[in-house]
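*Asks:* So that we are looking at the same thing, I have put the structure below in structure tokens.
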Amino acid sequence: MPTADPATPVPEAPQPPPPARRRIPLTRGPGLIALVAGIAVVALGVGLVLGRAVLPSSAAEPPAPEAASITAPLETRVISSTITARADVTYADAVDLDIDVSALSGPAVVTGRVPEVGAVVDAAQVIIEVAGRPVIALPGELPAYRSLRAGYSGPDVLQLKAALVSLGIDPGDAANDVYDARTAAAVDELYRRAGYPSPESSPDARRAVESAERAVSDAATQVAAARSAVEAAGAGVSAAERLAADNAVRQAQREFDAAAAAGESQAQLDTLADAVELAKARRAELDRAPNVSDQQASLDSALAAQNQAEAERTRARDDALTPLLSSEVRYLTSLPRRVDEVSAKRGGTLTADAVSLSGAAILLDGTVSASDAEHLVAGQPAAFVTDDGRELQAVIREVGDEADGDEKRRSLLLDPVGVDQQTMDALRGKNVRVTIPIESTDGEVLAAPVAALTAGPTGESRVTVADEASGEEATVAVTTGLSAGGFVEIRGDDPRLEAGARVVVGR
């Protein structure tokens, strides 16, 4: 084998290639899990190191502050349970002046007494003048659906009599539903007070009265004549006739006695005895009552005619009594009334809406729920608030039936109390909030916020009294009363229960 030249580099023997490393896929399987775990461990270590470097140790952290109690003071107040509603301020019972003018002979022209807006109309006062005649306001619910005259009867007559009685005018028997002479006389008085002459009866009625008066006068003359005849027939003979008859009896007796003394024949004596009996019989006739049957029959007939004439005169007079014309009266359910609107003008024709009337007093007209209405009665006090925050007083007038067809609501009417007219006029047409107390404490009581009450282990009521100076708190048992408006009446013997003491209402 030849020797290698030391100056010549000898090539190294070729090395076998290193074995190829196995690549583990990192996107799935155990490789991914290992990678994620490693990163997490490294991140945790780094975080701990940085945390110790930046933040103070846990031993140096201050304790968290305790939550402070929320307190409220005890108060002395009147606690009331109330019902709240809304109501419109309005005049009561607005109505239009609808008048039955069918009885008028001509057009219903307004001739005077046109009222002014704001005027007050009371009972027996004239609302307006139509065709020279008044329209008089009277209290009542029934409309004047017909004119009333003597002999008429019905509920409208009773209403008229009741209205007259309320005015201090006597219409006769107010329970009798017949329009009679006393009723007509009362209507005369009504018109006298109104300042107008009473309505006149018809010309035919007046003529009938005149004819009946003449018939009664004629009948009275006939009765007088018949009565004179009866009296004359019943008077009998005069005293002179009786004396003459007595003398005739005595003369006949004397003649008989003289003949007997002279011894006249028996035939002559018998004749003279017959003359004596005849004279006595004639004298006896004068003592009997006279026969006046014919004259009495004439008198009875005359009296019957007179009675008939007087009855006819009564009927004629009744027909001519003062009537009450339907066009001259307007019944209103309540009086006085206030004139709200006037469209009528003197010289114009009366229309149904010529004058609009309402109650003279303002009321509150609202609604409440049916359930709340069960707690309300007429006469119950209430209050309402004005726009400027003033609280005014009211009283419930009426709790009605369904409001506007809603079976879940009830109508509610209230009357303001002690409120001047100027204030009410300013409130008219506005909607106000009404509060009605349905239960109340008897004066001021010690009251706590409802949130201050807690229940003890045996169910007793408690409050926690907080001493703000010392920060101490004490739980005190209390007896509760009425609760309303977020407050509850409390009672207890603990001296710490006093107005101004603070109680815990929250943490």
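The values are calculated or read from the model by the stated rules, or taken from the named source; none is laboratory data. From a predicted model like this one, the values you see are computed outputs, not experimental measurements. Virtual Cβ from ideal backbone geometry, glycine too; neighbours counted across all protein chains shown.
*Asks:* Yes or no: THR464 surrounded by fewer than 18 Cβ atoms within 10 Å (Cβ to Cβ) and modelled with pLDDT under 95? Write out each step before concluding.
*Replies:* Numbers: surrounded by fewer than 18 Cβ atoms within 10 Å (Cβ to Cβ): yes; modelled with pLDDT under 95: no.
Judged against the criteria, THR464 is not a match.
*Asks:* State whether one or more residues within the stretch 467-478 are in contact with a helix residue (DSSP H, G or I) (Cβ under 9 Å, 6 or more places away or on another chain) and touching a residue at least 40 places away in the same chain (Cβ under 8 Å). Talk me through it step by step, then tell me what you get.
*Replies:* Applying the first criterion (in contact with a helix residue (DSSP H, G or I) (Cβ under 9 Å, 6 or more places away or on another chain)) to the stretch 467-478 yields none.
Looking for residues that are in contact with a helix residue (DSSP H, G or I) (Cβ under 9 Å, 6 or more places away or on another chain) and touching a residue at least 40 places away in the same chain (Cβ under 8 Å), one finds none in the stretch 467-478, hence no.
*Asks:* Now, a different point. Where in the stretch 435-507 are the strands (runs of 3 or more DSSP E), entirely inside, with at least 2 residues that are closer than 30 Å to GLN380 by Cα and within 46 Å of the chain's Cα centre (by Cα)?
*Replies:* On the way: elements: 445-449, 461-466, 473-484, 487-491, 502-506.
The qualifying strands (runs of 3 or more DSSP E) are 445-449, 473-484, 487-491.
*Asks:* Hey, among the residues in the stretch 308-338 that are touching a strand residue (DSSP E or B) at 6+ places or on another chain (Cβ under 7 Å), more than 16 Å from GLY112 (Cα to Cα) and at pLDDT 90 or above, which one's surrounded by the most Cβ atoms within 10 Å (Cβ to Cβ)?
*Replies:* Once the filter is applied, the top-ranked residue is LEU324.
*Asks:* Here is a follow-up. Does ALA360 count as modelled with pLDDT under 90, surrounded by 13 or more Cβ atoms within 10 Å (Cβ to Cβ) and in contact with a Lys or Arg (Cβ under 8 Å, 6 or more places away or on another chain)?
*Replies:* yes
*Asks:* Here is a further query. If PRO155 meets every condition in (1) under 28 Å from the mean Cα position of the chain (by Cα); (2) within 20 Å of ARG313 (Cβ to Cβ) apart from one, which number is that one?
*Replies:* Going through (1) under 28 Å from the mean Cα position of the chain (by Cα); (2) within 20 Å of ARG313 (Cβ to Cβ) one by one, PRO155 breaks only (2).
*Asks:* (1) touching a residue at least 60 places away in the same chain (Cβ under 8 Å); (2) buried (at least 18 other Cβ atoms within 10 Å of the Cβ): which one isn't true of ALA382, the others all being true?
*Replies:* (1)
*Asks:* Which pairs have Cβ atoms under 7 Å, sit 6 or more apart or on different chains, and link a residue in the stretch 197-220 that is of a type in the set (D, E, K, R) to one that is surrounded by 13 or more Cβ atoms within 10 Å (Cβ to Cβ)?
*Replies:* Final answer for the pair search is ARG206/ALA320; GLU213/ARG313.
Per-residue answers, yes or no, for (1) farther than 30 Å from ILE396 by Cβ; (2) not hydroxyl-bearing (Ser, Thr, Tyr):
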{"site": "GLN308", "(1), (2)": "yes, yes"}
{"site": "TYR331", "(1), (2)": "no, no"}
{"site": "SER343", "(1), (2)": "yes, no"}
{"site": "SER358", "(1), (2)": "no, no"}
{"site": "VAL377", "(1), (2)": "no, yes"}
{"site": "PRO381", "(1), (2)": "no, yes"}
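*Asks:* Same structure again: Could you tell me which of the residues ALA240, ALA244, ALA219 is of a type in the set (A, V, I, L, M), loosely packed, with under 14 Cβ neighbours inside 10 Å and assigned to a helix (DSSP H, G or I)? Let's see the steps before the verdict.
*Replies:* Details: ALA244 fails: loosely packed, with under 14 Cβ neighbours inside 10 Å; ALA219 fails: loosely packed, with under 14 Cβ neighbours inside 10 Å.
Answer to the selection: ALA240.
*Asks:* Just to check your reading of the model, which residue among ALA426, ALA373, ALA403, ALA394 is touching a Pro at 6+ places or on another chain (Cβ under 9 Å) and outside the structural domain of GLY492 (by TED's automatic domain parsing)?
*Replies:* Details: ALA426 fails: touching a Pro at 6+ places or on another chain (Cβ under 9 Å); ALA373 fails: touching a Pro at 6+ places or on another chain (Cβ under 9 Å); ALA403 fails: touching a Pro at 6+ places or on another chain (Cβ under 9 Å).
Only one candidate qualifies: ALA394.
*Asks:* Okay, next question. Could you say which residue among GLY112, GLY168, GLY118 is within 16 Å of SER327 (Cβ to Cβ) and either assigned by TED's automatic domain parsing to the domain that holds GLU341 or surrounded by 13 or more Cβ atoms within 10 Å (Cβ to Cβ) (or both)? Break it down stepwise before answering.
*Replies:* Working: GLY168 fails: within 16 Å of SER327 (Cβ to Cβ); GLY118 fails: within 16 Å of SER327 (Cβ to Cβ).
Of the residues listed, the single one that is within 16 Å of SER327 (Cβ to Cβ) and either assigned by TED's automatic domain parsing to the domain that holds GLU341 or surrounded by 13 or more Cβ atoms within 10 Å (Cβ to Cβ) (or both) is GLY112.
*Asks:* Let me ask something additional. Restricting attention to the stretch 339-357, and to residues there that are assigned to a loop (DSSP other than H, G, I, E, B) and polar (S, T, N, Q), which single residue is surrounded by the fewest Cβ atoms within 10 Å (Cβ to Cβ)? Before the answer, list the steps.
*Replies:* Looking only at the stretch 339-357, we keep the residues that are assigned to a loop (DSSP other than H, G, I, E, B), and these are 343-348, 350-354.
Checking the rest, the ones that are also polar (S, T, N, Q) come to 343, 351.
Numbers: SER343: 12, THR351: 15.
Ranking the qualifying residues of the stretch 339-357, first place goes to SER343.
*Asks:* Could you tell me whether THR271 is under 60 Å from the mean Cα position of the chain (by Cα), surrounded by fewer than 18 Cβ atoms within 10 Å (Cβ to Cβ) and not charged (D, E, K, R)? If you could, list the steps in order and put the result at the bottom.
*Replies:* Working: under 60 Å from the mean Cα position of the chain (by Cα): no; surrounded by fewer than 18 Cβ atoms within 10 Å (Cβ to Cβ): yes; not charged (D, E, K, R): yes.
No; evaluated as a whole, the condition is false for this residue.
*Asks:* All but one of (1) modelled with pLDDT under 95; (2) in contact with a Leu (Cβ under 8 Å, 6 or more places away or on another chain) hold for ALA447; state the number of the condition that does not hold.
*Replies:* Exception for ALA447: condition (1).
*Asks:* OK, next. Criterion first (surrounded by 12 or more Cβ atoms within 10 Å (Cβ to Cβ), of a type in the set (Val, Ile, Thr) and under 17 Å from TYR91 (Cα atoms)) does VAL399 satisfy it?
*Replies:* Answer is no for this residue.
*Asks:* Taking THR351 as meeting all but one of (1) free of Cβ contacts under 8 Å to residues at least 40 places away in the same chain; (2) outside the structural domain of GLU116 (by TED's automatic domain parsing), write down the number of the exception.
*Replies:* Against the list (1) free of Cβ contacts under 8 Å to residues at least 40 places away in the same chain; (2) outside the structural domain of GLU116 (by TED's automatic domain parsing), THR351 comes up short only on (2).
*Asks:* Quick check, is GLY132 in contact with a Ser or Thr (Cβ under 9 Å, 6 or more places away or on another chain) and without any contact (Cβ under 8 Å) to a residue 24 or more places away in the chain?
*Replies:* Working: in contact with a Ser or Thr (Cβ under 9 Å, 6 or more places away or on another chain): yes; without any contact (Cβ under 8 Å) to a residue 24 or more places away in the chain: yes.
Yes.
*Asks:* Mind counting the residues in the stretch 155-181 that are assigned to a helix (DSSP H, G or I) and modelled with pLDDT under 95? Full working, then the answer.
*Replies:* Here is the first cut: in the stretch 155-181, the ones assigned to a helix (DSSP H, G or I) are 155-166, 181.
Subsequent filtering for residues that are modelled with pLDDT under 95 retains 181.
Looking only at that region, the number is 1.
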